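**Q** Take this structure, written in structure tokens, and hold onto it; I'll ask about it next.
What follows is calculated from the coordinates using simple rules that are stated; it is not laboratory data. In this text, all values refer to a predicted model and were calculated from it rather than measured experimentally. For neighbour counting, all protein chains shown are included, and Cβ atoms are generated from backbone atoms with ideal geometry for every residue, glycine included.
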Amino acid sequence: MIVYHATKQGFTDDVENGAIDGVVLAAYQKALGSRVGEAERRAWQNSLSSMYIVVRDDEIPADAGVSIELQIPQTSKRVDFIISGQDTERRDRAVVVELKQWESAEVTGMDGVVRTWVGNAHREVSHPSYQAWSYTQLLRDFNEEVQQGDIGLHACAYLHNFTGTELDDPCYASWVEAAPLFRKGEAAKLRDFIKRYVKYGDSTQIAYRIDRGRIRPSKSLADAVAGLMKGNAEFTMIDEQKVVYERALQMVRDTPVGEKRVLIVEGGPGTGKSVVAVNLVARLTQDQELSAYITKNAAPRAVFESRLTGSMKKSRYSNLFRGSGGFITAERGTFRTLVVDEAHRLNEKSGLYQNLGDNQIKELIHAADVTVFFLDEDQRVAFQDIGSKDEILFWASELGAEVEEMELESQFRCNGSDGYIAWLDHVLQIRETANTRLDELGYDFDFRVFDDPSSLRAAIEAKNEERNRARMVAGYCWRWVSKKDRAAYDIVFEEHDFRMRWNLADDGGLWVVKPESVSEIGCIHTCQGLEVDTIGVIIGPDLIVRDGRVITRAEERDRFDNTIRGYKSRLKTDPEGARADARRVILNTYRTLMSRGMKGCWVWSVDEETNVWLKEMARGSTGMGEA
């Protein structure tokens, strides 16, 4: 959908008449039926006036096309400004310009991510060059008119109030090369960039053709994904994983376009849910079916993309990995298939303040013909997690979707048996099980209880030298002070000469795979849905054992921990329900943390009585128990 379209002459006339913001506003309200804040209206006035200065050149033809706020299909994102026409060889070309009013920005060290003032706060956002490149790459990979119509796309960013050099930091060099960055005082350079591609007018309605182009993966993207998957041992499926995969593919093939089907796949830690999910999206993309891998948390998306591509940098494949909150305005059946991993973490509302949309499960089913949910209800670790089978069944019924259910049972984490998970449920008193002794499980899983955190850290660091597959995690009981003060430590035990920081902000979702991050401690948000060989877990004061009874204490969680947001207010109105939900969150958190290791879990509790009790629970088997 294009909000505003005119010739260059029409655009310059609207600016000269002082009417551009009003014209765009009226078109926006007509096209989208929603209001616009005063800040966005001012942004249009300022940024479009700056673009007026850029395009006011006789060598840019008066009948070139100008399009404003072109919505990127399958997303809620909109391209700020497109100028279209033909080059010297009469080939169709469109220049995409990402406009920013920023006056300052900070380097984060993260690939394609900067920090700037947005929405009354300093936030981490995409680098403007990356943003512009990603929009054009989405169109190249998913818009059939761009592919078959041979429309050349060229991206750039224009920060007309910005004079700094931070955005030229070497860590952003590849993105600035892909989409050049122009600053305040560089209107002439941007003008020359546009004239390189737009020599003649837009006689073929380029922007309208893009807007109406059929959405499907390009053959180029399909072939590239096939090449990535070929021989990639990270995503090899066996046994029932293959059965679920083939049944899901069959469901997609058998579902007529416009009808709805839902597949619910339940499985515990390490059953291979994510392996099947990534394989599904890869295969459907190879078949040129529009699909995407969805998770609420960014960490699984980043890690699986890196394992798929063999690189930790963003790429064209990032468009296949999406968050769960981006489907609020998606039209019915926009996607052929959405594959939702970690579905237990879905929320009712979306947005930074959880105030947008209706219900994420409803929105995902609405947006696709076939929706596949991979689910483990025992990994719901926040008050706002609504991902349950009952909730999915409710919305599937409401939206008229046929439902099928499957289950993954074989354990690939915890050294090939689900006995450890059952023992863990017994230890944490989540449920009664017959697995009360580790030494009776009949397989080699390395569970140890350490006497102090420094010994645990040293052991994890030594183990990590083998394959870069050992990490430390902890319950969220300590303030993340190092996020603002990089010299500060977050988790400190002076009596044990122990000081560590929470996971590196610069690593983003890649904390679990970056070698240097072994010196940092992860939390539930950076490790859920992922695995290592050996996990080291610090159990905080939010879980203690007294006289053999597991006690949870929500008040010991850090007050900025969003997983129990609203706990104190709920205590006043529903104390019994609040405590029960907080207990569930805390127990599920430690169950999840303690099941991230495929070969071993090493723990230490800040509470001495709890540590002694854990040793007693683990004692009696060779290689297990005290360390």
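**Q** Divide by every residue of the chain the summed helix terms, -39500 (n - 2.57) for each DSSP H run of at least 4, and state the resulting mean residue ellipticity at 222 nm, rounded to the nearest 500 deg cm²/dmol.
**A** Estimated from H runs of four or more residues: -10500 deg cm²/dmol.
**Q** Could the peptides 336-343, 462-469, 273-280 be put in order, highest first, of the mean number of other beta-carbon atoms found within 10 Å of their residues?
**A** Ranked by mean Cβ neighbours within 10 Å, highest first: 336-343, 273-280, 462-469.
**Q** Same structure again: What ³J(HN,Hα) values, in whole Hz, does the Karplus curve 6.51 cos²θ - 1.76 cosθ + 1.60 give for region 570-587 when θ = phi - 60°, with x put for Gly and Pro?
**A** Running phi through 6.51 cos²θ - 1.76 cosθ + 1.60 with θ = phi - 60° gives 5, 4, 6, 9, 8, x, 5, x, 4, 5, 5, 5, 5, 4, 4, 4, 5, 5 Hz.
**Q** What's the FRET efficiency of PHE394 with LYS219 using the Cβ-Cβ distance as r and R₀ = 30 Å, to the nearest 0.05?
**A** 0.15
**Q** Write down the radius of gyration of region 415-626 and its Dmax, each obtained from C-alpha positions, in Å.
**A** My reading of the Cα-based Rg and Dmax gives 16.8, 52 Å.
**Q** Summing +1 for each Lys or Arg and -1 for each Asp or Glu, what net charge is found among the other residues whose Cβ lies under 15 Å from the Cβ of ALA248?
**A** -4
**Q** Output ³J(HN,Hα) for region 357-366: one whole-Hz value per residue in order, computed from phi by the Karplus curve 6.51 cos²θ - 1.76 cosθ + 1.60 with θ = phi - 60°, and x for Gly and Pro.
**A** My calculation for region 357-366 gives x, 10, 7, 4, 5, 4, 5, 5, 5, 4 Hz in order.
**Q** Can I ask one more? Can you compute the charge dipole magnitude of region 251-347 about its Cα centre, using +1 on each Lys and Arg Cβ and -1 on each Asp and Glu Cβ, nothing else charged? Give it in debye, rounded to the nearest 20.
**A** Charge dipole of region 251-347: 280 debye, to the nearest 20.
**Q** Related question: Please work out the Cα center distance from region 224-297 to region 310-340, rounded to the nearest Å.
**A** 14
**Q** Treating each Cα of the chain as an identical point scatterer and ignoring solvent, apply the Debye formula and state log10 I(q)/I(0) at q = 0.07, 0.09 Å⁻¹.
**A** -0.49, -0.79
**Q** If packing is taken as the mean number of other Cβ atoms within 10 Å per residue, what is the order of 568-577, 484-493, 218-227, 93-102, highest first?
**A** 93-102, 218-227, 484-493, 568-577
**Q** Starting at the first residue of region 608-619, write each ³J(HN,Hα) from the Karplus equation 6.51 cos²θ - 1.76 cosθ + 1.60 with θ = phi - 60°, in whole Hz, x for Gly and Pro.
**A** With coefficients 6.51, -1.76 and 1.60, one gets 4, 4, 5, 5, 4, 5, 4, 5, 5, 5, 9, 5 Hz.
**Q** Quick check: residue separation of ARG431 and GLU404 times 0.36 nm, minus the Cα distance between them. What number comes out in nm?
**A** Gain in length upon complete extension: 7.0 nm.
**Q** Filter the trypsin sites (Lys or Arg not before Pro) in region 1-54 to those in DSSP coil with at most 16 other Cβ atoms within 10 Å of their Cβ, and list the result.
**A** Sparse-neighbourhood loop trypsin sites (Lys or Arg not before Pro): ARG35.
**Q** Could you tell me which of rounded, prolate or oblate describes region 219-408, using a ≥ b ≥ c as the square roots of the eigenvalues of the alpha-carbon gyration tensor, with rounded for a/c under 1.5 and, failing that, prolate when a/b is larger than b/c and oblate otherwise?
**A** Since a/c stays below 1.5, the shape of region 219-408 is classed as rounded.
**Q** Follow-up. To check you understand DSSP bridge types, tell me what percent of the beta bridges within region 2-211 (both residues inside) are antiparallel, rounded to 5.
**A** 70
**Q** Have a look at the DSSP beta bridges in the chain and tell me what percent are antiparallel, nearest 5.
**A** Counting only bridges with both partners in the chain, antiparallel ones make up about 40 percent.
**Q** Sort ILE361, ILE430 so the one with the fewest other Cβ atoms within 10 Å of its own Cβ comes first.
**A** Lowest to highest Cβ neighbour count: ILE430, ILE361.
**Q** Hand me the GluC sites (Glu not before Pro) from region 228-282 located in a DSSP loop with no more than 14 other Cβ atoms within 10 Å, in residue order please.
**A** Filter output for region 228-282: GLU259.
**Q** Run the dipole for the chain about the Cα centre, Lys and Arg Cβ at +1, Asp and Glu Cβ at -1, nothing else charged, and hand back the magnitude in debye, nearest 20.
**A** 1080
**Q** Related question: Would you mind ranking MET594, MET617 by Cβ crowding within 10 Å, fewest neighbours first?
**A** If I rank by nearby Cβ atoms, fewest first, I get MET617, MET594.
**Q** Neighbour counts of other C-beta atoms within 10 Å: give me HIS426, HIS5, HIS122 arranged from fewest to most.
**A** With the fewest neighbours first, HIS426, HIS5, HIS122 line up as HIS122, HIS426, HIS5.
**Q** Please work out the FRET efficiency for the pair ALA226 and ASP547, using the Cβ-Cβ distance as r and a Förster radius of 56 Å; give the result to the nearest 0.05.
**A** E between ALA226 and ASP547, to the nearest 0.05, is 0.45.
**Q** Further question on the same structure: If you take the beta carbon distance between ARG579 and LYS483 as r and set R0 to 30 Å, what does 1/(1 + (r/R0)^6) give as a FRET efficiency, to the nearest 0.05?
**A** In this case the efficiency is close to 0.50.
**Q** Using 0.36 nm per residue, how much length does the chain from SER174 to ARG247 gain when fully extended, once their Cα-Cα distance is taken away?
**A** 22.2 nm
**Q** Which whole-number percent gives the relative contact order of region 415-626, counting Cα pairs below 8 Å spaced six or more residues apart?
**A** Normalised by residue count, the contact order of region 415-626 is 30 percent.
**Q** Same structure again: Does region 449-509 classify as rounded, prolate or oblate by the C-alpha gyration tensor (a ≥ b ≥ c root eigenvalues; a/c under 1.5 gives rounded; else a/b over b/c gives prolate, otherwise oblate)?
**A** Cα axes put region 449-509 in the oblate bin.
**Q** According to a simple spin-label model (label point 7 Å from Cα along Cα-to-Cβ), what is the distance in nm between TYR353 and GLN101?
**A** 1.9
**Q** Provide, in order from the shortest bin, the percent of all Cα-Cα pairs of region 149-296 in each 5 Å bin, continuing until the bin that contains the maximum pair distance.
**A** 2, 7, 11, 13, 12, 12, 11, 10, 10, 7, 5, 1, 0
**Q** Roughly what % of Cα-Cα distances in region 2-211 sit above 30 Å, to the whole percent?
**A** Across region 2-211, Cα pairs with separations above 30 Å total 17 percent.
**Q** So if each residue of separation counts as 0.36 nm, and I subtract the Cα-Cα distance between ASP63 and ASN120, what length gain in nm does that give?
**A** 16.6 nm
**Q** Placing +1 on the Cβ of each Lys and Arg and -1 on the Cβ of each Asp and Glu in region 2-211, which of ILE82, ASN17, GLY185 has its Cα farthest towards the positive end of the resulting dipole?
**A** Value: ASN17.
**Q** For Cα pairs less than 8 Å apart in space and 6+ apart in sequence, what is the mean separation divided by the residue count of the chain, i.e. the relative contact order in percent?
**A** In percent, rounded to a whole number, it is 11.
**Q** On a 20 Å Cα-Cα criterion, which of the cross-link pairs LYS273/LYS389; LYS77/LYS219; LYS349/LYS484; LYS30/LYS77; LYS242/LYS273; LYS77/LYS484 come out too long?
**A** Correct reply: LYS77/LYS219; LYS349/LYS484; LYS77/LYS484.
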